[in-house]
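This report refers to the structure that appears directly beneath it.
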Amino acid sequence: MAIESNLNTVDRSLRGLIGIGVTAFALFNGDIIDDVFIEVLLGIFGILNLISLASGWCPVYHIAGISTRKQ
Amino acid sequence: MPTQPINHIKRDASVRPRLIVACLVVSVLISSIYVTVSYRLTADVSLQTELKAMEKLARLLSSELTMLDYPLEDKADSLVNLLSDPNDKTPRLFYIQSSSEDWRRAHRLSKAEQIQLLTSIDSPPDDTHLITVNDRSFLWQKYRGPEFTVTYLQQTTALDMTLSFVAKRLLITSVLVFWISVWLALTLSSLIAKRAQEINDALAKIATHDALTGLPNRLYLMDTLSNALCPNTSAKSLLNGSLFVIDLDKFKEVNDSFGHSAGDTLLKEVAARLLKIVTPPAELIRIGGDEFIIWAPELDIDGAEALAQQMVNACDTPIMINGLAVNTGASIGISHYPSHANEPEALIVCADTAMYKAKEQRNGWQVYDDNKIADYKHNLQLRAELNDAMQQSQIILHYQAKVNLETGLIVGVEGLCRWEHPRLGLLMPGQFIDLIEDSGKVQEFGRYIIGKVIQQAAMWQQQGIQVPIAINLSPYNLLDPGLVTYIHNLLNENQVSPQLIEIELTENETCLNIKYIKAALEKIKSLGIALAIDDFGTGMSSLAYLAHLNVDVLKIDRAFVADIEDNPGHRAIVASAITLSQSFGCKMVVEGVETMSQARLLHNMGCVIAQGYLFAKPLPEEKIKAHIVAAKTLYPHSEGLIASA
């Protein structure tokens, strides 16, 4: 499927903030979580959001046929 | 309202948000249940572990006390110091009892609290080993050894630990689960909504389109017209438009003769031809049977007339069905928005009315016109009343005499229909015969008239009157397969001699299967009934037709008689017809004789039998009977004779 930007600026920025926050928390939380499994999950969540930040494209939006860019 | 189903199908935009909300609610619900159960499970496990540890400590304390041989206070002090962590700040209480003494040590608990706690465990509310004092939860264990009973209480830390250990993990997991749920909800709702929309579109297509031709149907038309004529405020308003109702003239005949599949082929071909002519934004719609409608927005009456002519031409081109070229023909009614009507239904009714008018006049197409349509509405009402007319015998026969020019006596009568209409008085055949032909009641009407004539002939026969009665039948009547049997049975039932009945075959422009007519006529002749060709010299009465049908009587059309004195051509035709009738060996009757000089001239030319106002107008049964019974001479060869009325 062709990658075509489907996120508007607000959506993209929000995902960027969430991505940076969550990835940082997953990596540098110290003893707060104490569970590698949850840290990995958080890492995936953060990285996916960072991908959206970089490409302006959300795969779920793409499958669902949604685009916030048009609005 | 017919538009409701379409709106209902289209009104499905809320499916997607509803699905999303439903997915989210379910995911939140599942997360909550999962978090609650996990938390309770962990808390329970922690409590049980803590209780077990406390029980072991109490048991150990009891057994150690039994083994040492010091005073209780010394033993207990050193053992409790050894077994409990002095740095542990958890409030706790040790209470040791023997048969003779007891010992108690508390940590971070007041005396009152100690007494309260010990009292509580003497009569515990349940067997959970958990009691609450001053909003603080305590776990307790009591071990009864052989010498000492050790009671150990401790404020529980399990729940706090569970919270600090588990809650944050559960919280993070819940956030992730919720996040996955949102994505799942979006994807699922999108896929389901997409599929639902596809099904809706397919249903809308089925509901609004005709399966045979693939054209839109009546539902679609009403929807389109409603939107076009009653637009929302936001829509662009329509200035004018034309609506065509198209009805195929010969569809029923094709269906009856060649079967329904041939009819379907015809419809498809006509639809294809019309589609070539109709260009967007005009739309072709099939509303059922052989009726099509075209809605052409922004088309004025002049444009509509040009389009109608094109469509009539297209339908007039023969279509090949089962190897035969069938010319279906079409009648088109046109109504114009807004000059004729503003409402969809009214616009269709106007075009429909104009279409029937066009069909009646056989002129291809007709634009709705209030004045012209008034006549048509009158006819439409008459047509509705025809059934009652036959059931209540409102249609009667008047009789016009056929006179022998040599004797002046009545040698036969022609029965002519009259409708004794309860509201409009006596109606002439011209006012209702066409309605009968158009309404498909020709055969029923033919039988009705034959029945009346045979009854009349039977009555006259009983009264000794032996005058043949002629009736007019259309070739369509002869397509009635049971007609001959019907006549035969009636003649037998009424004991009427067939010589008293004569059938005059009226002509029209329809070219029916001459073989079938011939066969039917021969059967009628074989009953002994005489056959006549009416209006000879006009229409289809070619010489070949005459030779084929083997008739007994020729009736010369009144058109040749009216100006016979001044028109040598007509005189020659009448003379030829007389010769022809003699050659065929049949009788000849001249119609429409109105003056004495015409009668005299025809008599001199060799005509024997004549009919016309000169002798008698069509008369009711009792009056003509009076003439017959009186054997009155209606043509005394004298000037100044006044024709009886």
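The values are calculated or read from the model by the stated rules, or taken from the named source; none is laboratory data. What you see is a predicted model; the values in this text were computed from it and never measured. For neighbour counting, all protein chains shown are included, and Cβ atoms are generated from backbone atoms with ideal geometry for every residue, glycine included.
Every residue, every condition in (1) of a type in the set (Gly, Ala, Ser); (2) in contact with a Ser or Thr (Cβ under 8 Å, 6 or more places away or on another chain), yes or no:
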{"residue": "A:12", "(1), (2)": "no, yes"}
{"residue": "A:19", "(1), (2)": "yes, yes"}
{"residue": "A:25", "(1), (2)": "no, no"}
{"residue": "A:39", "(1), (2)": "no, no"}
{"residue": "A:47", "(1), (2)": "no, yes"}
{"residue": "A:59", "(1), (2)": "no, no"}
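State whether one or more residues within the stretch B:204-223 are at pLDDT 80 or above, over 26 Å from residue B:284 (Cα atoms) and not polar (S, T, N, Q).
Taking every residue of the stretch B:204-223 in turn, none turns out to be at pLDDT 80 or above, over 26 Å from residue B:284 (Cα atoms) and not polar (S, T, N, Q).
Checking residue B:178 against (1) within 12 Å of chain A (Cβ to nearest Cβ); (2) in contact (Cβ under 8 Å) with a residue 60 or more places away in the chain; (3) buried (at least 17 other Cβ atoms within 10 Å of the Cβ), which test does it fail?
Here residue B:178 clears every test but (3).
Surrounded by fewer than 16 Cβ atoms within 10 Å (Cβ to Cβ) and within 24 Å of the chain's Cα centre (by Cα), is that true of residue B:261?
Against the criterion (surrounded by fewer than 16 Cβ atoms within 10 Å (Cβ to Cβ) and within 24 Å of the chain's Cα centre (by Cα)), residue B:261 qualifies.
Only one residue in B:366, B:361 is farther than 30 Å from residue B:631 by Cα and either at pLDDT 85 or above or surrounded by fewer than 17 Cβ atoms within 10 Å (Cβ to Cβ) (or both), so which one is that?
Values: B:366 fails: either at pLDDT 85 or above or surrounded by fewer than 17 Cβ atoms within 10 Å (Cβ to Cβ) (or both).
Testing whether each residue is farther than 30 Å from residue B:631 by Cα and either at pLDDT 85 or above or surrounded by fewer than 17 Cβ atoms within 10 Å (Cβ to Cβ) (or both) leaves just B:361.
Given the conditions (1) modelled with pLDDT under 85; (2) under 14 Å from residue B:210 (Cα atoms), which single one is not true for residue B:256?
It fails just one condition, (2).
Return a yes/no flag: does the stretch B:198-209 have any residue that is closer than 27 Å to residue B:32 by Cα, in a helix (DSSP H, G or I) and either facing chain A (nearest Cβ under 9 Å) or not charged (D, E, K, R) (or both). Working first, answer last.
So in the stretch B:198-209, the residues closer than 27 Å to residue B:32 by Cα come out as none.
No, there is no match, as no residue in the stretch B:198-209 is closer than 27 Å to residue B:32 by Cα, in a helix (DSSP H, G or I) and either facing chain A (nearest Cβ under 9 Å) or not charged (D, E, K, R) (or both).
Inside chain A, counting only helices (runs of 4 or more DSSP H) that do not spill past its ends, which hold 2 or more residues that are more than 11 Å from every other protein chain (Cβ to nearest Cβ)?
Working: elements: A:9-28, A:36-55, A:59-64.
In chain A, A:9-28, A:36-55 are the helices (runs of 4 or more DSSP H) which contain 2 or more residues that are more than 11 Å from every other protein chain (Cβ to nearest Cβ).
Every residue in the stretch B:585-639 that is in a helix (DSSP H, G or I) and acidic (Asp, Glu), please.
The first filter runs over the stretch B:585-639 and keeps only residues in a helix (DSSP H, G or I), leaving B:596-605, B:621-630.
Correct list: B:621, B:622.
Looking at the stretch B:242-294 only, could you name the residues that are part of a helix (DSSP H, G or I) and closer than 30 Å to residue B:339 by Cα? Give the steps one after another, and end with the answer.
Pass one, the stretch B:242-294, residues part of a helix (DSSP H, G or I): B:251-258, B:260-277.
Answer for the stretch B:242-294, where residues must be part of a helix (DSSP H, G or I) and closer than 30 Å to residue B:339 by Cα: B:270, B:271, B:273, B:274, B:275, B:276, B:277.
Sort out which residues of the stretch B:515-567 are modelled with pLDDT of 80 or more, touching a Phe, Trp or Tyr at 6+ places or on another chain (Cβ under 7 Å) and part of a loop (DSSP other than H, G, I, E, B), and write them in order of number.
Correct list: B:557 only.
If you take the residues in the stretch B:286-327 that are touching a strand residue (DSSP E or B) at 6+ places or on another chain (Cβ under 9 Å) and among the small types (Gly, Ala, Ser), which one is nearest to residue B:257 (Cα to Cα)?
From the stretch B:286-327, those touching a strand residue (DSSP E or B) at 6+ places or on another chain (Cβ under 9 Å) are B:286-287, B:289-301, B:303-305, B:307-309, B:311-312, B:314-316, B:318-320, B:325-327; that's our starting set.
Going one step further and asking which of them are among the small types (Gly, Ala, Ser), we end up with B:289, B:296, B:303-304, B:308, B:314, B:325.
Values: B:289: 16, B:296: 34, B:303: 36, B:304: 33, B:308: 28, B:314: 22, B:325: 13 Å.
Across the stretch B:286-327, the extreme among qualifying residues is B:325.
Is it true that some residue in the stretch B:167-175 is at pLDDT below 85, under 30 Å from residue A:66 (Cα atoms), within 11 Å of chain A (Cβ to nearest Cβ) and in contact with a Leu (Cβ under 7 Å, 6 or more places away or on another chain)?
Scanning the stretch B:167-175 turns up at least one residue that is at pLDDT below 85, under 30 Å from residue A:66 (Cα atoms), within 11 Å of chain A (Cβ to nearest Cβ) and in contact with a Leu (Cβ under 7 Å, 6 or more places away or on another chain).
Considering only residues that are under 21 Å from residue B:47 (Cα atoms) and either hydroxyl-bearing (Ser, Thr, Tyr) or outside the structural domain of residue B:62 (by TED's automatic domain parsing) (or both), which ones fall in the stretch B:96-152?
Correct list: B:120, B:123, B:128, B:132, B:137, B:143, B:151, B:152.
Six or more apart or on different chains, Cβ under 7 Å: which pairs go from a residue in the stretch B:300-322 that's without any contact (Cβ under 8 Å) to a residue 12 or more places away in the chain to one that's exposed (fewer than 13 other Cβ atoms within 10 Å of the Cβ) and not hydrophobic (A, V, I, L, M, F, W, C)? Could you list them?
Qualifying pairs under 7 Å: B:318/B:327.
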